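Every number in this text was worked out from the coordinates using simple rules, so none of it is lab data. Just so we're clear, the structure is a prediction, and the values are computed from it rather than from any experiment. With ideal geometry, Cβ positions are generated from the backbone for all residues, glycine too; neighbour counts draw on all protein chains shown.
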Amino acid sequence: MNTIKIVAQERVGLGKELTSKVRQSGMMPAVIYGKNQESVSIAIDYNEMYKSLFKGMGRNNIYTITLDKKSFDVIPYELQFHPISREIRHIDFKIVKEDEKVRVKFPIKQTGVSIGVKKGGKLDQKLPSIMVKLFPKDICKEIVVDITNLDQGQELLVKDLNLPASAEVLKVAKTHRVIVVSAASEVPTAEAAPAAKKAK
Amino acid sequence: MLMPKKTKYRKQMRGRRKGTAYRGSKISFGEFGLQALDNDWITGRQIEAARRAMTRHIKRDGRIWIRVFPDKPVTKIPAETRMGKGKGSPEYFVSVVRKGTILFEIADVPVELAKEAMRLAAHKLPIKTKFIEKMEIEI
């Protein structure tokens, strides 16, 4: 995991009008907060942040934000997007400490082609991402799952995932299904789904 | 065709449709979505026609989610009727769609197939739409 350095400016005025002026000047409004820490409203360079989020390690990364002479180790905690242009409108950065666990959401990615799919089965990813609590040093970009050995009728559960050592799974049970490979005839198709609703 | 099983009141006021949708503006279930770019009412029939167009194009493969539901009754006064004598009777149901709303989602199909299916579906709708893909960062 790399640490990305970002230089920020403190935002003096708040409110809709001043925030839109920040956006017009090519900056992005953001806020830094943490435990026993007063929140600081900041502005960061939009392009720099956009590149690091979309082309770099994604949102699961530690950023070092330099503000005047202080520096904060943070993770992007909450991102706000414009519904149509899909630009990032605002970012919440949470201060992380080495000895405190932090909440992170990992996307779950598959590698390989499963045996079941080769036989004509259908692969269904039930859980696209997983929320965990872990130490900042264990943060990675994503969880990669090898599905090569999954046959028809087999499934991969949360407890089978290769999670970092300090990770505690949140919100889902350890027996929750992540990936299921079923025989082609068992899979509800797009046409069958509404028909099933009507039958009820 | 989508419509409520029962309603608390038979008739509703028309309401307003201005503004941008912030709720229901992210892809939540599938990989690709069809996003509304105008504000309008979409009838249950239009939703069903769009769903059929999509389903037939992807040849019943993949999965489809309908993210809007027509829960608003629209009344109509019968033809050749003198004005007055109260509000007409409910004729059909609509969904109030604001720009930004995700109308449909598709998963488990290649991007080209999803794009074409959404294009065919968009022709059944009274509004401008946009094909969007899920952003990994949005998860």
### Task
Post the alpha-carbon centroid distance, the stretch B:6-80 to the stretch A:24-59, in whole angstrom.
36
### Message
If amide hydrogens are placed 1.01 Å from N in the peptide plane, which non-local residues have theirs closer than 5 Å to the one on A:Ile42?
### Response
A:Arg11, A:Ala30, A:Val31, A:Ile32
### Message
Check which residues have an amide H placed less than 5 Å from B:Leu103's amide H, if you skip close sequence neighbours.
### Response
B:Leu34, B:Gln35, B:Ala36
### Query
Do the alpha carbons of any pairs in B:Lys76/B:Lys128; A:Lys109/B:Lys5; A:Lys55/B:Lys59; A:Lys5/A:Lys174 sit beyond 32 Å of each other, and which pairs?
A:Lys109/B:Lys5; A:Lys55/B:Lys59; A:Lys5/A:Lys174
## Note on the structure
Taking Cα atoms only, helix B:44-57 is inclined relative to the longest principal axis of chain B by an angle, in degrees rounded to 10, of 20
### Message
I need the calculated FRET efficiency for the pair A:His82 and B:Arg16, taking r as the beta carbon distance and R₀ as 22 Å, to the nearest 0.05.
### Response
0.55
## Note on the structure
With only helices counted (DSSP H, runs n ≥ 4, each -39500 (n - 2.57)), the per-residue ellipticity at 222 nm for chain A, to the nearest 500, works out to -4000 deg cm²/dmol
#### Entry: Gained length - A:Thr111 relative to A:Leu14, 0.36 nm times residue gap less alpha-carbon distance
30.3 nm
### Task
For A:Val102, enumerate residues with amide H under 5 Å from its amide H, sequence gap 5+ or separate chain, H modeled in the peptide plane.
A:Leu134, A:Phe135
### Message
Using C-alpha positions alone, give me the convex hull volume of chain B per residue in cubic angstrom.
### Response
128
### Task
Just grab the label-to-label distance for A:Glu98 and A:Asn47, each label 7 Å out from Cα along the Cβ direction, in nm (one decimal).
3.6
